């Protein structure tokens, strides 16, 4: 019962993992995607507005710079300020008329709010504002004004300079430009200095012209030093600005989401391009849009979604639990039958009539029980047959032993009578019998297999009058390798029987070979009558069992090939080739098996 409960728990946990986790993942994905979508859409809208504001700032600054050309290229003005004899009153009147025409013709909204002042080289001053008690000389001492006089008629900007008008607030700043008026650009003679300034409040209005209500803007330089900001409530701290500046230091523009003590904000930032710099440093604008309200709405929707999904998951878990109990109950019953199974068990307690997978499983178990009983009977019969074969094999071994003992007696009789040739023949036959009586599954060395061939050919020469000659070309390393027993003799025997030419006195049999890393090649070659292509084709088909066995030994080429493949694998075996001149060569492809050094030699090679 313990095992079945583990199965049910595993199934329950598996279904939970397959259902609950995907649902939870889907919930998180939907919520994050929705929040990301809202953020992206809001960001796109804000960025579009901020980009419009950025272009508006650049366009207005460009327009201010373009106004200087009106004064630079006015020939009448140049004549008046270069002539020391002209009346300053007339010059001032002409200067005021220029500004009035400029405010009408340019269409620039806040020309009337600009502070424009012109210094000529005769210490005369022309201005559209009359504060500081007409004391404007201090402006010529400003570094940015001095720089403009050395800049060959190019504009020099001064961003957010402190107020230079008596009576104005100390925290009020100006955006100013200075440009030298040249008599001609060839000589570079300065005939006047033009200064135009606008209040930083106008710049703030440009920043927020396309912003949403409640948005804030910070203009910073350096490592986050604030030049301008409209954060009336003080929601953003100086440390926040420094952190943002460091985070976006290597980026010209972009947007990000930022959490501070003042709330959750969507920040869009961009860098004001040159030449509008502050103390040779580019200014970066950070635009803050309150994201907290959007976040609150998203979190409220997400909380409702979480509650709905939690209810669905709880209901689903209950359904899964009840379903698994119904599914596991018959499996537990079947498991009990399997655990206590015996051959004579009656399986009537399990339901065979169910039409679902459980019923199929029960019927399969019943069929398996029937098959087990049949297999048990077959195994019992096989055991009886093997015991009978073993008994017959023991009886069959008595005849070789009797023959070997008889040959030993005849050998001693031949020795006593001095018949040496008979002794050698008996010794050769005895070695063959002894070699054949060793265990069938033992591996032998190539040297032992070759020695058996020598004994076999000696007996053949005794019978047929030295008509067989053997040549060996095997290195010592090959002779020490291991191979299967009785694989060379059937091939040599076939060469003698089927390859011998009656018109010749003898047949030559050559055995040679080579050993590579994992492959041993042994060749048995004869110079007999050769082999027909038909026989070779039959041998190639021998793997399908269509080759005839040797008439003499009963161990044909097919049998040797199958024995090698069964013993060592299908990549090994025999290859037959008929030589072009005459004769046949049989190639043995064998594995390289080296003799292991051990006290029990037989145990090393037997399977």
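Do you know which of the residues in region 582-607 that are within 21 Å of residue 513 (Cα to Cα) and assigned to a loop (DSSP other than H, G, I, E, B) is modelled with the lowest pLDDT?
Going through the qualifying residues, I end up with 595.
Which of the residues spanning region 505-521 are within 49 Å of the chain's Cα centre (by Cα) and modelled with pLDDT of 90 or more?
Once the filter is applied, which keeps residues that are within 49 Å of the chain's Cα centre (by Cα) and modelled with pLDDT of 90 or more, region 505-521 yields 514, 515, 519, 520, 521.
Scan region 59-90 residue by residue and report those that are closer than 15 Å to residue 180 by Cα and touching a helix residue (DSSP H, G or I) at 6+ places or on another chain (Cβ under 8 Å).
67, 70, 71, 74, 77, 81
Have a look at 316, 322 and point out the one that is assigned to a helix (DSSP H, G or I), out of contact with any strand residue (DSSP E or B) (no Cβ under 8 Å at 6 or more places or on another chain), touching a residue at least 60 places away in the same chain (Cβ under 8 Å) and over 21 Å from residue 34 (Cβ atoms).
Answer to the selection: 316.
Please go through region 269-285 and pick out each residue that is modelled with pLDDT of 85 or more and farther than 15 Å from residue 203 by Cβ.
269, 271
Quick one: what pairs do we get from region 54-74, first residue under 22 Å from residue 209 (Cα atoms), second assigned to a helix (DSSP H, G or I), C-beta under 8 Å, 6+ apart or different chains?
Hits for this filter: 56/206; 57/203; 57/206; 57/207; 60/206.
Would you confirm, using the coordinates I've provided, whether residue 99 is in a helix (DSSP H, G or I), surrounded by 17 or more Cβ atoms within 10 Å (Cβ to Cβ), at pLDDT 80 or above and not assigned by TED's automatic domain parsing to the domain that holds residue 306?
Yes: the conditions hold for residue 99.
May I ask you to say which residue of 364, 369, 323, 303 is modelled with pLDDT of 70 or more and crowded, with 16+ Cβ neighbours inside 10 Å?
It is 369.
Only one of these is within 30 Å of residue 267 (Cα to Cα) and either in contact with a helix residue (DSSP H, G or I) (Cβ under 7 Å, 6 or more places away or on another chain) or buried (at least 21 other Cβ atoms within 10 Å of the Cβ) (or both): 213, 217. Name it.
217
Restricting to region 103-130, and then to whatever is in contact with a strand residue (DSSP E or B) (Cβ under 9 Å, 6 or more places away or on another chain), at pLDDT below 85 and surrounded by fewer than 17 Cβ atoms within 10 Å (Cβ to Cβ), can you tell me which residue is nearest to residue 64 (Cα to Cα)?
110
Looking at region 449-473, which of its residues are farther than 19 Å from residue 431 by Cβ and at pLDDT 85 or above?
Those that are farther than 19 Å from residue 431 by Cβ and at pLDDT 85 or above: 469, 471, 473.
Scan region 344-353 and tell me whether some residue there is closer than 25 Å to residue 11 by Cα and either within 49 Å of the chain's Cα centre (by Cα) or in the same structural domain as residue 13 (by TED's automatic domain parsing) (or both).
no
Does residue 292 fit the bill of being modelled with pLDDT under 75 and in contact with a strand residue (DSSP E or B) (Cβ under 7 Å, 6 or more places away or on another chain)?
Yes, satisfied.
Among the listed residues 190, 226, identify the single one that is in the same structural domain as residue 154 (by TED's automatic domain parsing), at negative phi and in contact (Cβ under 8 Å) with a residue 12 or more places away in the chain.
Being in the same structural domain as residue 154 (by TED's automatic domain parsing), at negative phi and in contact (Cβ under 8 Å) with a residue 12 or more places away in the chain holds for just one of 190, 226, which is 190.
Would region 279-293 turn up any residue that is closer than 25 Å to residue 60 by Cβ and free of Cβ contacts under 8 Å to residues at least 40 places away in the same chain?
yes
Are any of the residues in region 201-211 part of a strand (DSSP E or B) and closer than 23 Å to residue 117 by Cβ?
Checked region 201-211: no residue is part of a strand (DSSP E or B) and closer than 23 Å to residue 117 by Cβ.
If a residue has to be buried (at least 16 other Cβ atoms within 10 Å of the Cβ) and more than 21 Å from residue 501 (Cβ to Cβ) to count, how many in region 460-486 make the cut?
Result for region 460-486: 9.
Among the numbered criteria (1) in a loop (DSSP other than H, G, I, E, B); (2) closer than 29 Å to residue 201 by Cβ, which single criterion is violated by residue 266?
In the conditions (1) in a loop (DSSP other than H, G, I, E, B); (2) closer than 29 Å to residue 201 by Cβ, residue 266 misses (1) alone.
The values are calculated or read from the model by the stated rules, or taken from the named source; none is laboratory data. Nothing here was measured: the structure is a model prediction, and the numbers come from that model. Positions of Cβ are generated from backbone atoms using ideal geometry, with glycine treated the same way; all protein chains shown enter the neighbour counts.
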